[in-house]
Amino acid sequence: MKKFNIHIPDKAIQLLLIDKINNLTKPQGSLGRLEEIALQIGTIQQTLSPLLTNPYHVVFAADHGIAAQGVSLFPAEVTPQMVLNFLKGGAAINFLARQHGFKLKVADAGVNYDFEPHADLLSYKVCKGTRNFFYEAALTAYEFNRCIDSGAKIVKDIYAQSSNIISFGEMGIANTSTSSVWMHLLTGIELEKCVGAGTGFDSEGVKRKYAILQQAVDNYKGDRSLEAVLTYFGGCEMLMAVGAMLQAAELGMVILIDGFIMTAAVLAASKFDKNVLEYCIFAHQSNESGHRLMLDYLQARPLLNLGMRLGEGSGTLTAYPIVDSAVRMINEMSSFTDANVSESKK
């Protein structure tokens, strides 16, 4: 697998950042999470005046063989149908990208469909859907590496467009099943707690989904090494996101993390290099069962909890104005000295 060189940002600058934030015209700590985000981004960028430039959002799309086992309410053909909807501009992620000034790209990681060329479509198809991991490995080692390398290349190309903040989303029928298995095998949390409603199962549907996934895990006879697990239970869009997150961290970009599926991707990325988490801002807590447990495992505090469970990266773009406000706070508020305002008596 491609090696990434991710540094922990130098924390020496934090004393200066904290001093600047504390001396803005407000009581110390009164802007709460905005102050924390400003500190994190200033540390990532190693500056007292951080900036967010040319934000990009990438939706990775792929099909999953496990869908054949009935683990989703929606048929597999919804994956290409939704990709076409993204390219036409009619999905939730489209209006959010327009609203918040993100450039939106859709990456075909492994959709079982032949798309016509489109300006916003990135063609990185590894296969036309993974194999069914109920019976066999979803991917080969070669396909695994192609996914990681492709995700990294996509981010390099975006970084070259002077972008320093990026977010990721996904589209792939049955990818909550893949995410649940990743969560179980990478955290040790029992599988039943990792399996949720996905596209809208009722309680009986969730039980059937869990039974199928438990049998798939029981069927697995390979070793429990990280690459082996992610290859056997892989999803092309999720692995491309892993490579993309690792590359973005190596480049020092701010990374916005979406819901259950993209949190599973950053969980996997952190198992390759825990330093990736230094660059991540967790946008929201999904309504998907298990997401709270995975966030707790990562010691992550999401910005929002709006009952969302759509995917696509919708949570990241909804939370972006909070991140933008944090940067505007540290850059645009006056200090007590500049504003000639008396500070509190200590």
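The values are calculated or read from the model by the stated rules, or taken from the named source; none is laboratory data. Quantities reported herein were computed from a predicted structural model and do not represent experimental measurements. Neighbour counts are summed over all protein chains in view; Cβ atoms, including those assigned to glycine, are modelled from backbone coordinates with ideal geometry.
Give the number of residues within the stretch 171-210 that are within 21 Å of C147 (Cβ to Cβ), in contact (Cβ under 8 Å) with a residue 60 or more places away in the chain and part of a helix (DSSP H, G or I).
Count: 9.
Pairs under 8 Å by beta carbon, first residue closer than 19 Å to V155 by Cβ and in the same structural domain as A244 (by TED's automatic domain parsing) in the stretch 109-122, partner among the acidic types (D, E) and surrounded by 18 or more Cβ atoms within 10 Å (Cβ to Cβ), six or more apart or different chains? Cβ pairs passing all conditions: A109/E237; G110/D63; G110/E237; L121/D108; L122/D108.
Every residue, every condition in (1) on the phi < 0 side of the Ramachandran plot; (2) modelled with pLDDT under 95; (3) in contact with a Ser or Thr (Cβ under 8 Å, 6 or more places away or on another chain), yes or no:
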| position | (1), (2), (3) |
| --- | --- |
| Q285 | yes, no, no |
| S289 | yes, yes, no |
| L303 | yes, no, no |
| T318 | yes, no, no |
| V323 | yes, no, no |
| A339 | yes, yes, yes |
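When A76, A68 are checked against the criterion of being surrounded by fewer than 23 Cβ atoms within 10 Å (Cβ to Cβ) and part of a loop (DSSP other than H, G, I, E, B), a single residue qualifies: A76.
Where helices (runs of 4 or more DSSP H) sit wholly within the stretch 235-346, those with at least 2 residues that are over 27 Å from G205 (Cα atoms) and not charged (D, E, K, R) occupy 236-250, 260-272, 314-332, 336-339.
Looking at the stretch 218-229, can you tell me whether even one residue there is assigned to a helix (DSSP H, G or I), in contact (Cβ under 8 Å) with a residue 12 or more places away in the chain, among the charged types (D, E, K, R) and surrounded by 24 or more Cβ atoms within 10 Å (Cβ to Cβ)? Looking through the stretch 218-229, none of the residues is assigned to a helix (DSSP H, G or I), in contact (Cβ under 8 Å) with a residue 12 or more places away in the chain, among the charged types (D, E, K, R) and surrounded by 24 or more Cβ atoms within 10 Å (Cβ to Cβ).
The residue of the stretch 14-37 that is nearest to G243 (Cα to Cα), among those that are aliphatic (A, V, I, L, M) and buried (at least 17 other Cβ atoms within 10 Å of the Cβ), is I37. When every residue of the stretch 156-164 is checked against the conditions, at least one turns out to be of a type in the set (A, V, I, L, M), in the same structural domain as V195 (by TED's automatic domain parsing) and in contact (Cβ under 8 Å) with a residue 24 or more places away in the chain.
Annotation note: of L239, L293, L256, the sole residue that is in contact (Cβ under 8 Å) with a residue 24 or more places away in the chain, of a type outside the set (S, T, Y) and surrounded by fewer than 24 Cβ atoms within 10 Å (Cβ to Cβ) is L293. Checking each residue in the stretch 123-170 for being crowded, with 24+ Cβ neighbours inside 10 Å, out of contact with any Gly (no Cβ under 7 Å at 6 or more places or on another chain) and not in a helix (DSSP H, G or I) picks out I165, I166.
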